[in-house]
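No value in this document is a laboratory result; all are computed from the given coordinates. Not measured: the values here are computed from a predicted model. All Cβ positions, glycine included, derive from the backbone under ideal geometry; neighbour counts span all protein chains shown.
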Amino acid sequence: MPTGVPGGLGSGTVDVLRLRATAVSRTYAPVPSEGAGGRAAAGTHRQISWDGRLDDAPVYEWQSLPAEGWVAGPAILEGAATTYLVAPEWQLQKDEFGNGRLTRKEHL
């Protein structure tokens, strides 16, 4: 066995393992959300710093944004699993499966 690893990683032994596994599970097709688009209503506002200047950003609940609904930046969307920041000159639209898509406003 070699006593050193080239590249300055120190001396010792490197074990390489390979694991192969097979599992069976149920799969589910995504279910579209209900809703008919439109703009979300802001709940509160929060000060954010963007490019060195302060902006007053509305705060939205992700769950209250309907399918095909959109929010223009600057804005904050708070969800159960994450927080989305929508930059100025950007817009976030929620698709029918609950995914968010960010696009520049002039490209909509």
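Points to keep in mind about this one:
- Among the residues of region 87-106, those that are among the hydrophobic types (A, V, I, L, M, F, W, C) and either under 12 Å from the mean Cα position of the chain (by Cα) or part of a strand (DSSP E or B) (or both) comprise W90, L92, L102.
- The residues in region 57-86 that are free of Cβ contacts under 8 Å to residues at least 12 places away in the same chain and in a strand (DSSP E or B) can be counted, and the count is 1.
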